[in-house]
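J.: Below you will find the structure I want to go over with you.
Computed from the coordinates by the stated procedures, all read-outs in this text should not be read as laboratory data. No experiment lies behind these values; they were computed from the predicted model shown. Cβ placement follows ideal geometry from the backbone for every residue including glycine, while neighbour counts extend to all protein chains displayed.
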Amino acid sequence: MTRISRGSLSGFTSLFATTFVLMAGYGSIYALFAVIRETFGFTAWEIGLIGGSGFAAGFVAQVGLSRFADRGHTPVMFRVGLACSGVGSLGMAWSESIEGFIVSRMLLGLGSGAFLPAVRRVLIASQPDQAGERLGWMASLEMGGFMTGPILASLIHAQFGLQTTFGFLALGLLILAPFALRTPIPTTQSARDPRAIRVLLALPAVRGVLLASLAFYLTVGLFEATWAVLLSDRGASQFFIGATLSVFGLPMLFLPPWAGRLAQRHGALRVAACGIAVAIPCMALYGVVESLIGLAVIVILHSVADAFTMPSLQLGIGRASPPEHLASGQGLLGATGQFMAASTALVGGALYDAGGPIWLFTLGSFTMVPLLVAAVTVGRSLLRA
């Protein structure tokens, strides 16, 4: 069982709780897309447009807005992020047109893209020697919220309807916002160079972490796009498909705090590289294993590896970034991951149809190898603690 360090959580409970609610809202959207399509008569393409607009807005926010937290505006980023998320939730509740849902989903993407990098900056800057564990707890709560959201959304929708479901999310953010905004912000050096992204990309350690994140998020995109199709082609029931997705999320609820401490002690990129190295053969095996039980065992191993990789990458970019560019580094990591996941998800389905699972997952695993080698070579300064 994961040991809870009081120092790692002290003073940040409201930020963790707000992160949980924010990610629960994200999970709720995915669970209710089918309801939205049926209620308003949208096409599958229009539903995809709603979802894609949120990813695009999140990408823009993480690249373009996160730097303002480094310039001494962390409280402003908190307020902007929570306000956009709250208004976006209300918009999802009351929209009836495709334009309304797109704008609302974009506001939710902007909100999380502004809020989450600023939170990670606070967690790293306030007490660097406990940053790994704190980032691990945040990763656990993000995953916990994302997994809990669909269940809560389904229950609330069944009893009260679509509008009330998103209304509850807005209410939760409204209740937590005053507490989150009172979180002490550590005093650190403010960024003076407006070219934060250029400054970060000039650092070999930053490039090493980003290369590792490309390898990590390649699996995320391919998994999201093809996992259900793969299992269905192997003869799995819908219940089995859902169960494997739940099982995949379980290690990410409990292991990241321990993984963060391990990365703090032994080197962030080293731990991340080990997790990716375990994920590579898992990816290759997805295409050749026919047994459903065998696939379930592999996905559990893959999930454990990812639970170590995710907080290690966040700690790694925090270690690699100059103190005045902590939030920009977190935003750059998140944007890089979103771009890679969206790109591979976009082409993954087409490649699966064209060549089948063996070809797709073999290509994916072989692509991860040079990315990992390059990450370790370029970012070798982060291999040590």
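J.: Once the other residues with Cβ under 15 Å from the Cβ of residue 19 are scored (Lys, Arg +1; Asp, Glu -1), what is the net sum?
T.: Working: positive: 120, 121, 134; negative: 142.
Net of charged neighbours comes to +2.
J.: May I ask you to derive the relative contact order of the range 195-385, considering only C-alpha pairs under 8 Å and at least 6 residues apart, and to give it as an integer percent? Each step should come with its number before you reach the end.
T.: On the way: 266 pairs, mean separation 86.0, N = 191.
Reported as a whole number, the value is 45 percent.
J.: Still on this structure, please answer the following. For a footprinting-style exposure proxy, rank 248, 239 by other Cβ within 10 Å, fewest first.
T.: On the way: 248 21, 239 8.
So the residues, fewest neighbours to most, are 239, 248.
J.: Just order 374-382, 78-86 by mean Cβ neighbour count inside 10 Å, highest at the front, would you?
T.: So the peptides 374-382, 78-86, ranked by packing, come out 78-86, 374-382.
J.: I've got another one for you. Among (1) 17.6; (2) 29.7; (3) 26.9, which is the computed mean projected area of the Cα convex hull in nm²?
T.: Evaluating mean projected area of the Cα convex hull in nm² on these atoms matches (1).
J.: In addition: Hey, fewest Cβ within 10 Å first, where do 147, 310, 252 land in order? Mind dumping the intermediate values first?
T.: Working: 147 19, 310 28, 252 23.
Ascending Cβ contact count within 10 Å gives the list 147, 252, 310.
J.: Here's a follow-up. Considering only C-alpha atoms, what is the centroid distance from the range 255-310 to the range 38-113, in Å?
T.: Here the answer is 30 Å between Cα centres.
J.: For the residues 359, 45, 137, what sequence is obtained by ranking on other C-beta atoms within 10 Å, fewest first? Intermediate results must be reported in sequence, preceding the final value.
T.: On the way: 359 13, 45 7, 137 23.
By the 10 Å Cβ count, ascending, the order reads 45, 359, 137.
J.: Now for a separate question. Under 5 Å between amide H atoms, partner at least 5 residues away or on a different chain: which partners does residue 185 have, H built in plane at 1.01 Å?
T.: Under 5 Å from the amide H of residue 185: no residue qualifies.
J.: Among 209, 149, 239, whose Cα lies farthest out toward the positive end of the dipole of the chain, if unit charges sit on the beta carbon of Lys, Arg (+1) and Asp, Glu (-1)?
T.: Highest projection toward the positive end goes to 209.
J.: If you count, for each residue, the other Cβ atoms within 10 Å and average over each peptide, how do 97-105, 109-117 line up from highest to lowest?
T.: On the way: 97-105: 18.0, 109-117: 27.8.
Going from most to least packed, we get 109-117, 97-105.
J.: Another one. Work out the length of the dipole vector of the range 1-186 about its Cα centre, built from +1 on the beta-carbon of each Lys and Arg and -1 on the beta-carbon of each Asp and Glu, and round it to the nearest 20 debye. Don't skip to the end; give the middle numbers.
T.: Values: 11 positive and 8 negative charges, 122 e Å.
With only Lys, Arg, Asp and Glu charged at Cβ, the dipole is about 580 debye.
J.: Taking K and R as +1 and D and E as -1, what net charge do the other residues with C-beta under 13 Å from the C-beta of residue 349 add up to? Working shown, then result.
T.: Values: positive: none; negative: 224, 233, 353.
Overall, the nearby charge balance is -3.
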